[in-house]
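Report on the structure given below.
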Amino acid sequence: MSSWAKPLIVVLLAAVASAASAQAGRFSGIGREATPAEVQAWDIDVRPDFQGLPPGSGSVARGQQVWEDKCASCHGVFGESNSVFNPLVGGTTKADIEKGRVANLQRTDYPGRTTMMKLATVSTLWDYIRRAMPWNQPKSLTVEEVYATTAYMLHLADVVPADFTLSDRNIAQVQQRLPNRHGMSSAHALWPGRELKGAARPDVVGSSCMKDCAVEPKVASLLPPHARDSHGDLAQQNRLVGAQRGADTRAPGAAAAPVSTAPAAPADAGVQALLQKNNCTACHAAGQRIVGPSWAEVGQRHAGKADYLAGKIRAGSSGVWGNVPMPPQALDEAAARQIADWLAGGAR
């Protein structure tokens, strides 16, 4: 080795070590590097070219079982959904499947846009179901159940037949039958697209709208007089979760609803923890209705009926408090009983 090669190697090694040390100490005292297992648990996105899609399969028949067990309570047996959620299926035709563009999206008089009308890539549907569904237990579905649920939704939209099995091997072919597969556009120039012929740039300058402005512009929302007092004072009907804001929507001169100034009796700490842990507070509150009845209403109607309430919590319920059903809750028997005892005792 030449006389200058050894010193050069030493300098290069020192530089590499120094860079590694600087990287390690970049956020000294703040957290730690994520482990490969932690990164893998979050790195589950599926791209439109199906990169990241795990191997597996699921049939329409299996998807119907999963749907009825875990999805239908919110989204309806046929994807029509209840009064809280938007419909998932509908508004598409066989002609749309052939053309790849949903005609009803061009209509201004169409009553609403379903998920299957707007969906342009199967990967989006598969990825969202895997990440977010069911809403009370996200990421709890197996890969087979995600394939099966996706297949069932596609069958409801007449994209695949009833005896179809969706898999990582045929999902690209299914993509070519999606009713709105040609619905995405890049003509806005926010990212490059084939339909852009020249060097287009996005319209973000806004020069055309920055003239003849008011001297003192004021942005505000307005509730027309005829809409006031339709549902009482909405400012007093906000959920007791997180920061909330609201305006007094009563008609002028209307008497304010009485508000109790007495401190509320605290709920049992163990029950409160269970309610938060199992997302019960997403639909229920202490003294007012959200999606479902308040704790106070349940406690008053079913006082002393702990066995009945525990069964309803675990098995689900429908038609008792309105048209929005409560899906079965994945609590063990002891936890369900603890909540039921608290409700049956008055939900203090």
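FYI, it's all coordinate maths here, none of it is from the lab. As the structure is a computational prediction, the values presented were derived from the model and not from experiment. Cβ atoms come from the backbone with ideal geometry, glycine included; neighbour counts cover every protein chain shown.
Quick notes on this structure:
- Computed about its Cα centre, the charge dipole of region 92-160 is approximately 240 debye, with only Lys, Arg, Asp and Glu carrying charge at their Cβ.
- Listed by Cβ neighbour count within 10 Å, with the fewest neighbours leading, H226, H284, H182, H302 appear as H226, H182, H302, H284.
- Among 160-171, 124-135, the peptide with the highest mean count of other Cβ atoms within 10 Å heads the list, and the full ranking is 124-135, 160-171.
- Taking a ≥ b ≥ c as the square roots of the eigenvalues of the Cα gyration tensor, region 57-175 is classed as oblate, since a/c reaches at least 1.5 and a/b does not exceed b/c.
- Overall dimensions of region 65-108 by Cα: Rg and Dmax, Å: 13.2, 36
- A simple spin-label model places the labels of A103 and M184 2.6 nm from each other, with each point 7 Å out along Cα-to-Cβ.
- If the segment from R47 to C283 were pulled out straight at 0.36 nm per residue, it would be longer than the present Cα-Cα gap by 81.7 nm.
- Set of region 142-176 residues, backbone N closer than 16 Å to the point 7 Å along the Cα-Cβ line of E80: 156-157
- Counting neighbouring Cβ atoms within 10 Å and putting the fewest first, the residues M153, M117 line up as M117, M153.
- 3J(HN,Hα) along region 32-38: 7, 5, 5, 6, x, 5, 5 Hz, from the Karplus curve 6.51 cos²θ - 1.76 cosθ + 1.60 with θ = phi - 60°, whole Hz, x for Gly and Pro.
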